[in-house]
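The values are calculated or read from the model by the stated rules, or taken from the named source; none is laboratory data. Everything quoted here is computed from the prediction, not taken from an experiment. FYI the Cβ positions are ideal-geometry reconstructions off the backbone, even for glycines, and counts take in every protein chain you see.
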Amino acid sequence: MAAGFKPLSGQQWRGSFSTVSDLLDGTLGRWKDDVVRQVFCAHEASMVLSLPLPRTVTADMLVWAATDNGLFNTKSAYQLVLSSHDGPSTSMGDDRGGLWSSIWKTKSIPRCRDMMWRICHGFLPTAVNLSRRGVDMDLLCPMCGEGNETTTHALLFCPAVAPIWFMSPLSFAFHGSQPANFSMEAWLRTLLDQKDEWVIDKVSTLLYAIWARRNLWVFDQRWLTLEQTLKRAAAMEVVKLDDFQGLGSAGLNIAQVDRQDVWQPPPRGSVKVNVDASFKHGEVVGTGMVVREADGGLLLCASGKMVGALSAAMAETMALRWALGLVLEMGNQWIVVETDCAVLHSTWRSAHHDRSYLAAVVQDCVALSTGFSSFSFVLVRRNANRAADYMAKFALSNLCFVWFGNFPMGLEHIIASDVSSLANQ
Ligand SMILES: [Zn+2]
């Protein structure tokens, strides 16, 4: 159902209801639980009931299911036709086909896309993969000599490789031993699902550069430093800052976004709200928000839990709607809200003509934002949003609460480091 909006069950009910509104209780603003359970099979009913409902009432409209924004374009129609034949996107026969088409749609250069594809299919000729294919060889990693050279070790967790990820603009930490249930394919899939081109491009170029570095050492005995490897990865990037969710036409300029790598205080007299969601596919969403004043001092922080987001961007949007509701109650009138979700930010800007489900919930946020005297909505890098990220993760492992003092210890550290990095500028 998630793929095509087309339920499998409920056919026998055809005629007794014709539109989704028959399934909604308009007065209470929620699904008619009993009707949904009667019409759909148990699995589909629980998926329907977990869908967040937009609070703003909009007229019915036709939605093209093959694009993210619900608007028809010929490219998506062409891809739909291709995928209905036995093209490369369905030849895999399982949901790897979906993975392949997500990789194929990324903006990264072909050799980096190809690299992601080979990784996901276990085709990378690491020592462990080769020995599985019957090649008799030493399994030890040639870079560190400490662990067996699996794909995950060679590209992420190898002690000679992990610092590259941490030094990169992504600041991914793969220190320590690899978690037992870690799956490279699932990790890549989660990243691709988030549809953040900037991140995907960085990840694919780093993967390529890290493997090329390994080969240079194994076959040519040439050792590239961490910095040289990062430089080589950066040279292959295609998603530059000026592509960053279509900036330039309005509001922000590129220089501003670049600077927003570290947290910046709001103008005097206003407050800054950082919002984030921690999303696990098909599971609970943790939401976090942190409100700070112009001197960087913490006014309030909150953590919450939700279910029902079908994508990372939806989780971020639900977190934003939750946060705006809380801030409105506090009575602050001049606010700056920051997100690190490029999809949410660009949907906000196109929400009035976007027909996606996401846009309907974004419209709720736009409506809430009109309750403030001054409101601006800014896209920042992940590093500038660390405090909210902490609270979103906190929600998943701890309690959900609103703090006005005695803030969580870990958060206090992040707030202090945000303030000290301001002093160092
Ligand atoms: Zn190693």
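Hey, can you tell me all the residues within the stretch 100-116 that are surrounded by 17 or more Cβ atoms within 10 Å (Cβ to Cβ) and either assigned to a helix (DSSP H, G or I) or touching a strand residue (DSSP E or B) at 6+ places or on another chain (Cβ under 9 Å) (or both)?
Kept after step one, since they are surrounded by 17 or more Cβ atoms within 10 Å (Cβ to Cβ), are these residues of the stretch 100-116: 100-103, 106, 108, 112-113, 115-116.
W100, S101, S102, I103, C112, R113, M115, M116 - these are the residues of the stretch 100-116 that are surrounded by 17 or more Cβ atoms within 10 Å (Cβ to Cβ) and either assigned to a helix (DSSP H, G or I) or touching a strand residue (DSSP E or B) at 6+ places or on another chain (Cβ under 9 Å) (or both).
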Which one is modelled with the lowest pLDDT among residues in the stretch 37-64 that are among the small types (G, A, S) and exposed (fewer than 13 other Cβ atoms within 10 Å of the Cβ)?
-> A59
Mind checking which pairs have a first residue in the stretch 119-148 that is on the phi < 0 side of the Ramachandran plot and in the same structural domain as V218 (by TED's automatic domain parsing) and a second that is within 11 Å of the ligand (Cβ to nearest atom) and modelled with pLDDT under 85, Cβ under 9 Å, 6 or more apart or different chains?
-> G147/Q178
Could we say that V135 is in a helix (DSSP H, G or I), under 23 Å from W217 (Cβ atoms) and aliphatic (A, V, I, L, M) here?
-> no
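Does at least one position in the stretch 172-182 carry a residue that is in a loop (DSSP other than H, G, I, E, B) and within 19 Å of L124 (Cα to Cα)? Before you say what the answer is, go through the steps one by one.
Of all residues in the stretch 172-182, those in a loop (DSSP other than H, G, I, E, B) come to 172-182.
When the remaining residues are screened for being within 19 Å of L124 (Cα to Cα), the result is 178, 182.
Yes, the stretch 172-182 contains at least one residue that is in a loop (DSSP other than H, G, I, E, B) and within 19 Å of L124 (Cα to Cα).
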Restricting the stretch 161-187 to residues that are closer than 13 Å to L226 by Cα and either outside the structural domain of F219 (by TED's automatic domain parsing) or touching a helix residue (DSSP H, G or I) at 6+ places or on another chain (Cβ under 9 Å) (or both), the residue that is nearest to the ligand (Cβ to nearest atom) = V161
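Take V291 and decide whether it is β-branched (V, I, T) and touching a Ser or Thr at 6+ places or on another chain (Cβ under 9 Å). Break it down stepwise before answering.
On the way: β-branched (V, I, T): yes; touching a Ser or Thr at 6+ places or on another chain (Cβ under 9 Å): no.
In short, no.
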Please go through the stretch 298-330 and pick out each residue that is more than 22 Å from the chain's Cα centre (by Cα) and more than 18 Å from G405 (Cα to Cα).
-> G325, L328
Quick one: G134 ticks every box in (1) within 13 Å of the ligand (Cβ to nearest atom); (2) over 26 Å from the mean Cα position of the chain (by Cα); (3) of a type in the set (G, A, S) except a single one, so which number is it?
-> (1)
Residues (within 7 Å of the ligand (Cβ to nearest atom) and either among the acidic types (D, E) or within 31 Å of the chain's Cα centre (by Cα) (or both)) located in the stretch 144-155 = E146, G147, E149, H153, A154
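For D193, are the conditions met, namely being more than 13 Å from the ligand (Cβ to nearest atom), closer than 22 Å to R113 by Cα and surrounded by 20 or more Cβ atoms within 10 Å (Cβ to Cβ)? It would help to see each step written out before you state the result.
On the way: more than 13 Å from the ligand (Cβ to nearest atom): yes; closer than 22 Å to R113 by Cα: yes; surrounded by 20 or more Cβ atoms within 10 Å (Cβ to Cβ): no.
Judged against the criteria, D193 is not a match.
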Given the conditions (1) more than 14 Å from the ligand (Cβ to nearest atom); (2) touching a helix residue (DSSP H, G or I) at 6+ places or on another chain (Cβ under 6 Å); (3) at pLDDT 90 or above, report the number of the one that Q221 does not fulfil.
-> (2)
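Select from the stretch 370-414 the residues that are of a type in the set (V, I, T) and in contact with a Cys (Cβ under 9 Å, 6 or more places away or on another chain) and list them in ascending order.
Taking the stretch 370-414 first, the residues of a type in the set (V, I, T) are 370, 378, 380, 402, 414.
Once the filter is applied, which keeps residues that are of a type in the set (V, I, T) and in contact with a Cys (Cβ under 9 Å, 6 or more places away or on another chain), the stretch 370-414 yields only V402.
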